[in-house]
1. Taking a temperature of 37 °C and a viscosity of 0.692 mPa s, what whole-number D in µm²/s does Stokes-Einstein yield for the range A:58-149 with Rh from Kirkwood over alpha carbon pairs?
2. Rounded to the nearest Å, what's the spacing between the alpha carbon centres of the range A:6-62 and the range B:58-109? Just the number, please.
3. Collect residues whose amide H, placed 1.01 Å from N in the peptide plane, falls under 5 Å from the amide H of B:Asp19; neighbours closer than 5 in sequence don't count.
4. Please compute, for peptide A:80-86, the average count of beta-carbon atoms on other protein chains lying within 10 Å of each residue's beta-carbon.
5. What is the extension gain from B:Thr41 to B:Ala83, computed as 0.36 nm multiplied by their sequence separation minus the C-alpha to C-alpha distance, in nm to one decimal?
6. What nm distance separates the two modelled labels at B:Lys141 and A:Lys128, each placed 7 Å from Cα along Cα→Cβ?
7. Percent of alpha carbon pairs in the range A:5-110 separated by more than 18 Å?
8. Might you list the cysteines of chain A that have no disulfide-compatible partner by the rule of another cysteine's Cβ under 4.7 Å?
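The values are calculated or read from the model by the stated rules, or taken from the named source; none is laboratory data. Not measured: the values here are computed from a predicted model. Reconstructed Cβ throughout: ideal geometry from the backbone, glycine too, with neighbour counts over all protein chains shown. Accessible surface areas use protein heavy atoms only, side chains included; no ligands, DNA or RNA. Shrake-Rupley method; radii C 1.70, N 1.55, O 1.52, S 1.80 Å.
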Amino acid sequence: MRYNERELLCLARQPAEKAAEILMRVPKKGSVLKKRLVKLVVNFLFYFRTDEAEPIGALLLEHCRITKEEENVFSISFIEEPERKYCFECASEEQCQEWVEALKRASYEFMRRTLIFYRNEIQKMTGKDPLEQFGISEEARFQLGTHKQ
Amino acid sequence: MKLNERSVAHYATCDSPADHTGFLRKRVERHHHHAHHHHATSYQRRWFVLKGNLLFYFEERESREPMGLVVLEGCTVELCEAAEEFAFAIRFDDAGARAYVLVADGQSAMEAWVKALSRASFDYMRLVVRELEKQLEEACKSLAACRKSPRRSSSSSGRKRHLSNPALLPLQEKPTVLENGYSTWGCGGGTPGGATCPDHDGSHAKPPPLPPRRRSAASNATGCPAPGIPPAVPESLVPLETACFSKLHSWYGQEVAVLRQEWQERQKRGHP
């Protein structure tokens with residue numbers, strides 16, 4: 001599958017939601033925990049060798065499951081392959097919880113659901129559709145009931 | 001750079017609804033080895049699927065795997081002066097980046113694509129969400145400000161329950177509009193009987209109460225009785241600023257779970 005790598009690399013250089021040096025292990029046979037710079041930008045998680053400017057890799061965070069594992073550890077897996085886990089060992093339990101929370105909210109799908117929720121609440125409270133001012137009230141992506149998990 | 005391609009391809013082809021789909025002709029980008037622009041521009045018809053901030057394209061509509069992906073962050077979408085009619089381009093800020101030139105079947109298709117693509121970015125979505133968050137907070141504050149208005153009785157027996165769970169929405173009710181332009185169901189400061197309800201996550205005091213949009217268990221005199229509703233659920237005291245969406249989601253979700261159970265039991269007993 002081709003993709004615009006150049007733009008992804010550019011995205012990796014943008015200011016991050018969250019960034020930290022975390023021990024990471026990829027779901028490959030024989031792989032071990034390695035220190036990586038992990039950076040969350042929009043719905044992508046980039047990971048870098050700590051002294052390099054270009055990321056080694058990127059994970060698209062849609063249809064993924066973020067699981068709190070043992071102490072200080074969380075994992076990311078994808079719904080079609082739940083056994084393949086990317087593991088992250090944080091410096092502290094607090095840091096671990098923060099990342100779990102941030103990653104759970106990082107997907108575009110999550111934001112969409114949040115938007116629909118707020119839209120609905122505002123509509124109920126004020127009788128007005130807040131998306132009208134944006135001129136996007138008719139778009140399929142923002143309709144109630146269109147997007148089910 | 002590695003990408004979790006298998007998962008990305010799965011996301012492209014799974015049945016989660018797409019934001020926009022259709023055939024577009026995509027300009028073939030070739031490397032020009034000659035000094036002169038001696039090339040025939042050619043286009044290839046592909047099936048495009050927009051999901052969130054990702055634009056996938058497939059060789060055929062029935063293809064099981066995407067041929068390619070365009071990540072739509074930091075791009076602009078513009079009509080372009082190609083020789084082709086109904087052409088538009090996706091361009092990136094990055095100097096020297098190539099543009100994706102796409103051709104739609106007609107004027108309305110082109111307009112629909114340009115609209116959908118220009119609002120596809122995560123950043124745009126985030127902007128809208130933040131704006132709505134502010135508006136919701138303000139709506140809550142205004143309602144809290146009219147504490148003194150008499151509580152409206154919520155007994156219209158035909159009313160269905162309001163559940164803010166996005167996955168489960170009954171009929172939309174239009175709230176009644178008061179003359180100040182804001183609507184209310186009657187913002188009481190607490191549950192009937194004046195008991196104060198515990199702050200859910202034990203954080204700061206005096207949160208703005210959400211309007212009571214559902215009948216509490218106590219006032220279930222008319223209409224559909226709901227014996228299973230957890231009576232401890234306070235009607236209007238979920239502190240909005242501490243209740244992020246996921247908390248509200250699970251809070252309302254309790255009620256959904258109970259209702260669903262009731263419904264299933266009723267089905268078993270042969271009720272319509």
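1. Here the translational diffusion coefficient equals 215 µm²/s.
2. 27
3. Distant-sequence amide H within range of B:Asp19: B:Leu50, B:Lys51, B:Gly52.
4. Rounded to a whole number, the mean comes out at 2.
5. Gain in length upon complete extension: 14.2 nm.
6. 1.6
7. For the range A:5-110, the fraction of Cα-Cα distances above 18 Å is 45 percent.
8. A:Cys10, A:Cys64, A:Cys87 - these cysteines have no disulfide-compatible partner (Cβ-Cβ under 4.7 Å) in chain A.
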